[in-house]
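What follows is calculated from the coordinates using simple rules that are stated; it is not laboratory data. Since the structure is predicted, the reported quantities are computational estimates derived from the model, not experimental observations. Neighbour counts run over all protein chains shown; Cβ positions are idealised from the backbone, glycine included.
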Amino acid sequence: MLGNQSRWPAKSMAILLIASFMLVLLSACGQNGNQQVSESAADINPKKVALTTAGKPNSNKPNSDEELVKELPGFKNVYKEANGVKLHYVEGGKGEPLFILPGWPVTWYSFSKMMPELAKNYHVYVVEYRGMGSSDKPQSGYDKKTMAKDIYELAKALGYKSINIAGHDIGATIAYAYAANYPQATKKVVLMDASHPNENFLKIPILPPAGVYDESNPERAKFYWWFATNTIPGLSEQMLQGKQLDLVYNWIYDYMGYTKNALSKKEREVYLAAYSQPDALRAGNEWYKSFRDDIETFKTYKPLSVPALGIAGVSGYGMLEQFLNEHAPNSKTVKLEKTGHWIMEENPKAAIKLFREFFQ
């Protein structure tokens, strides 16, 4: 039909153009109407408020840092520049310094069940590193060596020559890089359910192995398809808007727990609100886009010289134990039974006990 378009009378062409314009206008009106309906519903649901305000600041709302820290007496929000980026952390307690780095797609709040008990023995700093939560989200610097330098410079700025450090998920990759690059500034290190990117990451198949989606088996192996998805330039940022963010992240929260209710409604709301903020999706994806560079950098590291502890859920134990056995001679790995990836929320008492025994 397009090939015969030049034969159409001018009057017919004008009618066609007007009709096309009217269709576009009606479509836009329909979208605006749907948006108004969803915004009205969001007014009575804090979760939907967070999701339908993607890209807008979320301060002074129920899930803001200012409100959440009130749940933890003795803790406070702090912002400090280190290595050229402004970092947000939640600080409390007395004793030896213990820096804790959360994972994806969660925030500092993921350690809220552990922080009060740990603060009885340590000066706790739960740091939202480059790209997370209320910290800066620059365009570059997401390789784990640079992010480890951020933490090193932060510790120095706070007056520490050496610290204890622990990390979960992406936070574990940074904690390992910290210990590898700054052994003189590391007392002990804990990795929770994740290792530093290494050549085994390149062996993850493109198709899921059998059984990884068998919901009847809570101890099934997991298939990390988002390792690839999060590296596609711009895709997640365009796809995961509003309810789509809710859908995908809740699926991951369910999938990576030992049971589907591993994370509470409140915890999910906090995390979804944080990742719907400006640049949050882009910055979170940058942690994954750097994995190939991280793997190459890892080849230059010597085995860890500092004491290391691995804490893993039932599905993450095998890989973490193998990694630490090969690359951290002075290490041990503990498997927490009936526990999934969200160790801090699913089994905080066991994690607190292991922290105290190891860091004493």
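Mind running the shape call on region 220-340? Use the C-alpha gyration tensor, a ≥ b ≥ c as the square roots of the eigenvalues: rounded below 1.5 for a/c, prolate if a/b tops b/c, oblate otherwise. It is oblate, given that a/c is not under 1.5 and a/b is not larger than b/c.
Over all distinct Cα-Cα pairs of region 90-167, the Kirkwood formula returns a hydrodynamic radius of 13.0 Å.
In the structure shown, the pairs K137/K203; K156/K188; K120/K332; K86/K144; K61/K94; K137/K188 are assessed against 21 Å; a Cα-Cα span above that value is assigned to K137/K203; K120/K332; K61/K94; K137/K188.
Roughly speaking, what is the centre-to-centre gap between region 59-97 and region 269-293 when only Cα atoms are used, to the nearest Å? Computed from Cα coordinates, the inter-centre distance equals 19 Å.
Our note on the geometry: Cα centres of region 137-159 and region 309-356, 25 Å apart. Once the C-beta distance of A221 and N77 is scaled by a Förster radius of 51 Å, the resulting FRET efficiency is 0.85 to the nearest 0.05.
Run the quick spin-label model on E296 and V248: label points 7 Å from Cα toward the beta carbon, then report their separation in nm to one decimal. Between E296 and V248, the simple spin-label model gives 2.7 nm. Extension gain, K203-L235: 0.36 nm per intervening residue step, less the Cα-Cα distance, totals 9.2 nm. Working from label points 7 Å from Cα in the Cα-to-Cβ sense, the K61 to K332 distance is 4.5 nm.
With the Cα gyration tensor of region 60-115 giving a ≥ b ≥ c as the square roots of its eigenvalues, does the rule (a/c under 1.5 for rounded; else a/b larger than b/c for prolate; else oblate) give rounded, prolate or oblate? Verdict is rounded for region 60-115.
Under the classification rounded if a/c is under 1.5, otherwise prolate if a/b is larger than b/c and oblate if not, where does region 251-317 fall, given a ≥ b ≥ c as square roots of the Cα gyration tensor eigenvalues? Since a/c reaches 1.5 but b/c is at least a/b, the shape of region 251-317 is classed as oblate. Segment V212..K353, full-extension length gain: 47.7 nm, with 0.36 nm per residue of separation and the alpha-carbon distance subtracted. Placing +1 on the Cβ of every Lys and Arg and -1 on the Cβ of every Asp and Glu, with no other charges, gives region 180-268 a dipole of roughly 280 debye about its Cα centre.
Hey, what did region 123-222 get for relative contact order, percent, Cα under 8 Å, at least 6 apart? The value is 19 percent.
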